[in-house]
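The values are calculated or read from the model by the stated rules, or taken from the named source; none is laboratory data. None of these values were measured; they are calculated from a predicted model. No Cβ is skipped: glycine too gets one built from the backbone with ideal geometry, and neighbour counts run over all protein chains shown.
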Amino acid sequence: MSRREISGHLLTPGGMLRGRLRLADGRIEAIDGEPVTEREARADATRPLVLPGFVDLHVHGGGGADTMDAGDAVATLARTHARHGTTALLATTMTAPLPDIEAALRAVGRHCRSRVTGGARVLGVHLEGPYISARRLGAQPDFARAPALAEILALQALAPIRVLTLAPEEGQALALIPALVDAGVRVQIGHSVATYEQARQALACGASGFTHLFNAMSGLHHRDPGIVGAALAHGEHAEIIPDLLHVHPGAIRAALRALPGLYCVTDATAATGMPDGAYRLGRQTVTKCLDAVRLADGTLAGSTLTMDQALRNLVLHVGLPLAEASARLSTLAARYLGERDRGTIEVGAHADLVVLDAASLQVRQVFVAGDAP
């Protein structure tokens, strides 16, 4: 039996504890400690902070690799993001011809069935396209197509599709949502010009979230509320990119007040963790410069965000308490997927942990199933 102990300030569901964790065979076996406040924990330079490992449900790439590259690209991006505290993720696709998507999903499926050595656990796929609107592509290539249930289920047989982005106004999308939900897929509204009413219909049919809230969707106007209005008025869950480029901190705060299940994603690309220069995003070339990734016309094309930087952004720039920021980066995303034993420091949970310097919030160590990548 593999055993390990970790000491520090432990962020548990019941609050911060000064104490230690005992890990055994990839799980948390025991928790011992006494309560402390977040202020006390942050002020104590002698002990690190121990948080649940980050769970990223929207990550295209990292370390020069893109999910759409197939092969071992997913292993490369999983290792890159693990160094920044991500312990579980969904490999995310781009809109592309169907053979490209099939090749990517076959590769992801292999990594879902066996852990990536030294990397984050790959929980499945976020299929972000091709079932989106050609009128709201964002940085997606123009290979959008109407959704077909048989086609999606065939893709699901290659790798577990945990999240699927859909434009509800396209084709028979609304009619397909209940069957997709029955197949275990979380359907999210995104890359869409849907009206407020169409977005509400999608929610009523079983859609459960919104893909990168505010970005690539019909915006909020007081006489035409759009998808954003439907999300803020009726949504429970949504993902948001807290790189402070995609969404202003004030808009993040507005979404936090409206959506109890708002969770953060990176939307990271192959350029993440790499120097400035040209990279691939699906079939497109993008350029990284000054921590932004853009198409040739200047359109934001994913990000270079990592989850540890997202934590620092939420705490230092958005003004969230550490416990809430942590939950938005781990617990809420895991719960959205139905993963009850990830994204939390509890007895019996996976020993997926990120250890941070208390003052700087920089990563010291990461543990995936009790092992340090």
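Right, D357: farther than 24 Å from L245 by Cβ and in contact with a His (Cβ under 6 Å, 6 or more places away or on another chain) or not?
no
Among the numbered criteria (1) buried (at least 20 other Cβ atoms within 10 Å of the Cβ); (2) modelled with pLDDT of 95 or more, which one does E346 miss?
The failed condition is (1).
Among the residues of region 35-72, write down those that are free of Cβ contacts under 8 Å to residues at least 60 places away in the same chain and either touching a Pro at 6+ places or on another chain (Cβ under 6 Å) or buried (at least 23 other Cβ atoms within 10 Å of the Cβ) (or both).
Once the filter is applied, which keeps residues that are free of Cβ contacts under 8 Å to residues at least 60 places away in the same chain and either touching a Pro at 6+ places or on another chain (Cβ under 6 Å) or buried (at least 23 other Cβ atoms within 10 Å of the Cβ) (or both), region 35-72 yields only T67.
Output the residue which, of all residues in region 2-34 that are of a type in the set (S, T, Y) and in contact (Cβ under 8 Å) with a residue 60 or more places away in the chain, is surrounded by the fewest Cβ atoms within 10 Å (Cβ to Cβ).
S2
If you check R253 against the conditions, is it over 17 Å from the mean Cα position of the chain (by Cα) and under 21 Å from G61 (Cβ atoms)?
Here the answer is no, as R253 does not meet what is asked.
Residues in region 323-338 that are in contact with a strand residue (DSSP E or B) (Cβ under 7 Å, 6 or more places away or on another chain), crowded, with 18+ Cβ neighbours inside 10 Å and not basic (K, R): how many?
Total satisfying the criteria: 9.
Where in region 254-341 are there helices (runs of 4 or more DSSP H), lying fully within it, with 1 or more residues that are in contact with a helix residue (DSSP H, G or I) (Cβ under 6 Å, 6 or more places away or on another chain) and in the same structural domain as T93 (by TED's automatic domain parsing)?
Once the helices (runs of 4 or more DSSP H) in region 254-341 are filtered for at least 1 residues that are in contact with a helix residue (DSSP H, G or I) (Cβ under 6 Å, 6 or more places away or on another chain) and in the same structural domain as T93 (by TED's automatic domain parsing), what remains is 307-313, 322-329.
Can you name every residue in region 11-47 that is among the hydroxyl-bearing types (S, T, Y) and modelled with pLDDT of 95 or more?
T12, T37 - these are the residues of region 11-47 that are among the hydroxyl-bearing types (S, T, Y) and modelled with pLDDT of 95 or more.
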